[in-house]
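Student: The structure is given below, and queries will be raised subsequently.
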Amino acid sequence: MAETQSHSVAGGGAITSAPVGITVKFRQKPPEPLSVAIDRVFSLGGSIAEVSYRFPFQGGHRRISELSGRETREVIEQFGRLERVSFHGPIGNIFLTNVEVREAVTHSLRLGVQEAALIGAGVMVLHLEPIFPNLEFRETELKRTAELLRDLAEYGACYGVKIGLETEYPYTVRDYLALIDEVAHPYFGATLDVGHLWDRRVPYHSYISREELAGAGGIAAYNALLLELAAALLSRGKLFHTHLHQHRLEAALAEDWPYGSCDHWALEEGIIDIPAYFRLLRRHGYSGLAICELSRGKGGPQVGSITDEEIAASLALAKKWWLEAAPL
């Protein structure tokens, strides 16, 4: 999951222009009403957004499933102001060997599906966590994992909510696609995060190697891999959702930058060719959302350094790129 101070949403309603939105950002001090956070989406030029399963509400971080009936109606009303919403579900470690804990995780994910449905989200973003951060995806895990995810997708189908597995774990294109193919459920597919093909936190298991990224053709290789993965998902009809942000090469390769600081930058500057990515999406008739998941800007690599002005500029730029990518 992005380490932003933001959260995510997605639902129905006709898209009047570009299907581009932003994560709902909350000012933490003092805690503010949900209505103010939604107002900010509109003030930044947005009408589409993504919200996290746990967000500030009534003085604390809470889930919709923890609210009273009156509070739930208030939340539904606020999110209903948006044109479309997507929902970032709980980060799930379904690989745990402790059956009781694993069942608790599964229950939390199912609650997420219900919460997504309540606010009109058509997709719930799912992050998988390995037991250990550097543990590669084993062939023996494939069928057991696919069975658990197929059950979740079937549950999502009951509520009209698709499950979009976010790119990060499994750590390779081959394993990621193999898992989606093995699940083989119409309500299970991908959330392609354009910046998650390289992660300094798991350098030995990233989709592209550090050596390749640092080489003379590293930027071109990154973008080629992004388009290859996107094309593979689109051809399968499995690209449900996407996250947009920029990746800074200097942050990815430097050892003295803050941990995990290479991604989630404002869109104006970075290595990812988002216009080319949009052209591919539009050629294939992509109908999902494209959510700007931003936390870093001119203020530096610290989470939250991005300003509202930079978010608004990134959103406007993404909309421009989307409209320019229309097939001739």
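The values are calculated or read from the model by the stated rules, or taken from the named source; none is laboratory data. Worth saying up front: this structure is predicted, and the values here are computed from it rather than measured. When we count neighbours, we look across all protein chains shown, and the Cβ atoms used for this are built from the backbone with ideal geometry, even at glycine.
Student: Looking only at segment 296-305, decide whether some residue is surrounded by fewer than 19 Cβ atoms within 10 Å (Cβ to Cβ) and in contact with a strand residue (DSSP E or B) (Cβ under 6 Å, 6 or more places away or on another chain).
Tutor: Scanning segment 296-305 turns up at least one residue that is surrounded by fewer than 19 Cβ atoms within 10 Å (Cβ to Cβ) and in contact with a strand residue (DSSP E or B) (Cβ under 6 Å, 6 or more places away or on another chain).
Student: Let me ask another. Yes or no: Arg102 at pLDDT 80 or above, part of a loop (DSSP other than H, G, I, E, B), surrounded by fewer than 19 Cβ atoms within 10 Å (Cβ to Cβ) and in contact with a helix residue (DSSP H, G or I) (Cβ under 9 Å, 6 or more places away or on another chain)?
Tutor: When the stated conditions are applied, Arg102 does not pass them.
Student: What are the residues in segment 198-242 that are of a type in the set (Phe, Trp, Tyr), under 18 Å from the mean Cα position of the chain (by Cα) and at pLDDT below 95, if any?
Tutor: Result: Trp198, Tyr207.
Student: Which of the following residues is touching a helix residue (DSSP H, G or I) at 6+ places or on another chain (Cβ under 7 Å), among the hydroxyl-bearing types (Ser, Thr, Tyr) and modelled with pLDDT under 95: Ser295, Ser261?
Tutor: Ser261
Student: Starting from segment 210-238, keep only residues that are over 15 Å from Arg174 (Cα atoms) and free of Cβ contacts under 8 Å to residues at least 40 places away in the same chain, then list their pairs with residues that are among the small types (Gly, Ala, Ser) and surrounded by 15 or more Cβ atoms within 10 Å (Cβ to Cβ) whose Cβ atoms are within a distance under 8 Å, requiring at least 6 positions of separation or different chains.
Tutor: Pairs found: Glu212/Gly218; Glu212/Ala221; Gly215/Ala221.
Student: In this structure, does Ile272 turn out to be aliphatic (A, V, I, L, M) and modelled with pLDDT of 95 or more?
Tutor: yes
Student: The conditions are (1) under 24 Å from Tyr176 (Cβ atoms); (2) hydroxyl-bearing (Ser, Thr, Tyr); (3) within 19 Å of the chain's Cα centre (by Cα); (4) at pLDDT 95 or above, and Ser314 fails exactly one of them. Which is it?
Tutor: (1)
Student: Select from segment 167-192 the residues that are at pLDDT below 95 and not in a helix (DSSP H, G or I) and write down the one among them that is farthest from the chain's Cα centre (by Cα).
Tutor: By that ranking, first place goes to Thr172.
Student: Going through segment 295-328 one residue at a time, which ones are under 12 Å from Ile22 (Cα atoms) and assigned to a loop (DSSP other than H, G, I, E, B)?
Tutor: Correct list: Ser295 only.
Student: Can I ask one more? Checking the conditions here, which among Glu66, Glu77, Glu71, Glu50 is of a type in the set (D, E, K, R), at pLDDT 75 or above and buried (at least 20 other Cβ atoms within 10 Å of the Cβ)?
Tutor: Selected residue: Glu50, the only one of Glu66, Glu77, Glu71, Glu50 that is of a type in the set (D, E, K, R), at pLDDT 75 or above and buried (at least 20 other Cβ atoms within 10 Å of the Cβ).
Student: Considering every residue within segment 112-129, establish whether at least one is buried (at least 23 other Cβ atoms within 10 Å of the Cβ), in a helix (DSSP H, G or I) and under 15 Å from the mean Cα position of the chain (by Cα).
Tutor: yes
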